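Enquirer: Sharing a structure, written as structure tokens. Questions coming.
The values are calculated or read from the model by the stated rules, or taken from the named source; none is laboratory data. Just so you know, these numbers come straight off a predicted model, no measurement behind them. Neighbour counts run over all protein chains shown; Cβ positions are idealised from the backbone, glycine included. Surface accessibility is based on the protein's heavy atoms, side chains included, excluding ligands, DNA and RNA. Shrake-Rupley method; radii C 1.70, N 1.55, O 1.52, S 1.80 Å.
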Amino acid sequence: MRKRSIIQMVFVGVVVGVAVAVVAYFIPWLPQNASEEATAIDRVYWFVTIICIAIFALVAAVSVYSVWKFRAPPDDNEDGSPIHGHTGLEIVWTAVPAALVTAISIYSGVVLAGLENAPDGSRKVNVSGQQFAWSFSYPGTDVTSGQLVLEVDKAVQLTLTSKDVIHSFWVPEFRMKQDAVPGTETHVVITPTKVGTYEVICTELCGLGHAVMRSQAVVLGPGDYEKWMSEQKAGGAAAGGGGSDGKALFTSNGCGSCHTLADAGSTGQVGPNLDEVLKDKDAEFVRTSIMDPDAEIAPGFQPGIMPKTFGDQLSDEQLDALVKYLLDSTKGG
Ligand code: CUA
């Protein structure tokens, strides 16, 4: 009788376990895997998932069996028999979860510690977050971009910081996530393995524009990366080496993540569409709007969203170039 009960419970457990394992395996619940680090992180996810499936199957087996075998008949109003605990069982169900949780913490700790070390020869990219845009600069060059451009199969160490509040850098396909904190530097290592374009997401609530604080990580093949880099360097040199090309400034300061501007190919919707609001404006208005954004708010928009730091960030020469570019690109459009 007892042996039969165990066989029945094991049967229920196996059926439930297999069903849940099939669901976990065939439903793509993780984002695409596009970095070496993602493979290690996913292994941790699967380790935890397999433990969860086993525990779920065990609980389901005991529950289903109890409902089935110990159901009270409709006319049975008696109290249940007075049972006072079971020391052996309590020791087991305390010790087993403790061992599992310890195993999970050790395994994930070892994996995470391993991912923090930048391999020798890693590229370096500096990442700067600000309300509400990312900008990326490439040490050893004066290249700055509004998108993170990486080369496939090359490890890169990102050094993150913030100009205002805490942001958090995350590309789901790379799995790695790191805070960008004002006044200090944090690091994260990424080795992209697939050419493509992925979304960079801010995952720390950082103000009104948090939800739209997005950019792209573009992973290029080796030849395309070199080509992109030399084009960027040539672009900087053409503008006098100081990076005072208006269009480049628009892009590198992240203006396009909030503003639509046809000439720069940006489609941001957080702030006013510059093609529309700047059509009949003069240099004075554009300059004031950059340095003191709340001086005049376009209808339908709110004050306090655009950073007030651009006046300090840009040199006078850069400011002039940006104002000129905005006027030229929106006049008579
Ligand atoms: Cu930056 Cu949220």
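Enquirer: Given (1) part of a loop (DSSP other than H, G, I, E, B); (2) more than 14 Å from the chain's Cα centre (by Cα); (3) touching a residue at least 24 places away in the same chain (Cβ under 8 Å), identify the lone condition not met by E204.
Expert: Here E204 meets the rest and fails (2).
Enquirer: Please specify each residue of segment 149-166 satisfying the condition of being crowded, with 20+ Cβ neighbours inside 10 Å and within 15 Å of the ligand (Cβ to nearest atom).
Expert: Once the filter is applied, which keeps residues that are crowded, with 20+ Cβ neighbours inside 10 Å and within 15 Å of the ligand (Cβ to nearest atom), segment 149-166 yields L160, S162.
Enquirer: I'm trying to understand the selection: among the residues of segment 130-147, which are touching a helix residue (DSSP H, G or I) at 6+ places or on another chain (Cβ under 8 Å), within 16 Å of the ligand (Cβ to nearest atom) and of a type outside the set (G, A, S)?
Expert: Within segment 130-147, F132, W134 meet the criteria.
Enquirer: For the structure I just gave you, tell me whether A118 is under 30 Å from Y225 (Cα atoms), in contact with a His (Cβ under 9 Å, 6 or more places away or on another chain), surrounded by 11 or more Cβ atoms within 10 Å (Cβ to Cβ) and aliphatic (A, V, I, L, M).
Expert: Taking the combined requirement at face value, the residue satisfies it.
Enquirer: Within segment 264-288, restricting attention to residues that are small (G, A, S) and under 28 Å from the mean Cα position of the chain (by Cα), which residue is surrounded by the fewest Cβ atoms within 10 Å (Cβ to Cβ)?
Expert: This residue is G265.
Enquirer: If I filter segment 167-208 down to residues being within 16 Å of the ligand (Cβ to nearest atom) and acidic (D, E), which single residue comes out as nearest to L115 (Cα to Cα)?
Expert: D179
Enquirer: Given the options S252, S215, name the one that is more than 16 Å from the ligand (Cβ to nearest atom), modelled with pLDDT under 90 and among the polar types (S, T, N, Q).
Expert: S252
Enquirer: For segment 1-20, which residues satisfy the criterion of being open to solvent by less than 40 Å² (accessible area, probe 1.4 Å) and under 24 Å from V48 (Cα atoms)?
Expert: Hits for segment 1-20 are V12, G13, V16, G17.
Enquirer: Do we find that K308 is part of a loop (DSSP other than H, G, I, E, B), under 30 Å from the mean Cα position of the chain (by Cα) and either under 16 Å from T144 (Cβ atoms) or without any contact (Cβ under 8 Å) to a residue 40 or more places away in the chain (or both) in this structure?
Expert: yes
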